[in-house]
Amino acid sequence: MDEENKKVENEMDEKIQNAVSKELSEYMNPIAKQVSGSFDYSKNIQPEKVPVQKFNPIIRTYKSDAEEIIQSGHISSINMAVAENKRMVERLKQNGEEVKKTNTNKIIIIASTIIILIGFFVFGISFLLNKNTDTKTPIVIKIPKIMTVDIEEKIDIGSINLSRIKTTIKERIAQSATKIGQIKQFTLFENDGTSNNIITSSKFIELLKLNIPSKLLRNIKPEYLLGMHNFDGNQKFLILKTSSYDIAFSEMLSWENYLWQDFKEIFELNSGETSLNEADQNIGIEVKQFQDMIFSNKDCRVVKDISGRIVFLYSIINPETVVITTNINTLKEVINRVNRMKMVVQ
């Protein structure tokens, strides 16, 4: 009885060992499993299905781990290679773009530096040239209006011969076409290439070489008016603005020694109609005798011809305005217009 049981047990052990060996063989070599089939035709006996517990090999290698990871992730070695190659291409592309961007930035920085250096160079050259030539920018003075006029004519002193400027102004006045009672202003200017700068009173006096006393000249304001009044012919006049009435009064008396001579040509004064001061005939300067008179409640100093007609005069019509002219009616018109301008400004 014991021998039979032992025999049975041995058979069972043998079957179990065969089954385990088969499962292990099929696990390690799945192709063999497909070839062998699932039915034993020689014995016509269906093999018994004995559950076999799968064991992982005790010794693990990098290859087995990689294959297990590949099988568990459902990817192949080819896919891994393709993915890795794609990543490498992207990295190379990014690196190329970064290099290209870096090169572009370098070019921009270099170009900007060159432009800045050129700018500094040009500025430095301009500064040195301006410094060496010592050019001065002309001061443009905005001269206020003294009174209203009907017509204005501008004369560019750059286009005329300054040695005969009195003659040129005299000709311009003689050729002026105005209506009776109108006043025309002659404005002298100088073009510096960019703008027309109005000639100031001090420059005008210098150009005409007037023998004005230096003390009076220092008190003359920049504004002045050289004009012509159409009344009984073309009557000329000059208006000067002064900053001191007392100085103007005393210095105008001193100027009387040269006043006729200074305005003889430009105002077309006729010496034959007046008597000369015999004391000054020898030095070639015509010095006329001025007389005191009052017109429009204004003190005047006048020169008369041999018939007693006033041909030249001047008057300080207010504390800051001196008028030099050839006719009493012209003086009255100037006084009226100056007073109207003062009322408008106030």
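Computed from the coordinates by the stated procedures, all read-outs in this text should not be read as laboratory data. Every value quoted in this text rests on a predicted model; they were computed, and no experiment measured them. Counting neighbours? That spans all protein chains shown, and the Cβs are built from the backbone with ideal geometry, glycine included.
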Check: Going down the table (LYS170/LYS298; LYS241/LYS264; LYS184/LYS264; LYS203/LYS298; LYS203/LYS236; LYS236/LYS332), which pairs top 24 Å between alpha carbons?
Finding: LYS170/LYS298; LYS203/LYS298
Next item on the list: Let me have the relative contact order for segment 148-204, percent, based on Cα pairs under 8 Å that are six or more residues apart.
Entry: 46 percent
Check: How many Å³ per residue does the convex hull of the Cα positions in segment 151-345 occupy?
Finding: 138 Å³
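Under unit Cβ charges (Lys, Arg +1; Asp, Glu -1), what dipole magnitude, rounded to 20 debye, does segment 151-345 have relative to its Cα centre?
Dipole of segment 151-345, to the nearest 20 debye: 480 debye.
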Notebook entry, point to check: Quick one: LYS154, LYS304, fewest Cβ neighbours within 10 Å first, how do they rank?
Noted result: LYS154, LYS304
Next item on the list: Run the quick spin-label model on ASN329 and PHE120: label points 7 Å from Cα toward the beta carbon, then report their separation in nm to one decimal.
Entry: 7.4 nm
Note to self: Using 5 Å bins from zero, what percent of all Cα-Cα pairs in segment 192-261 falls into each bin?
What the structure shows: 3, 14, 21, 24, 17, 11, 6, 2, 0
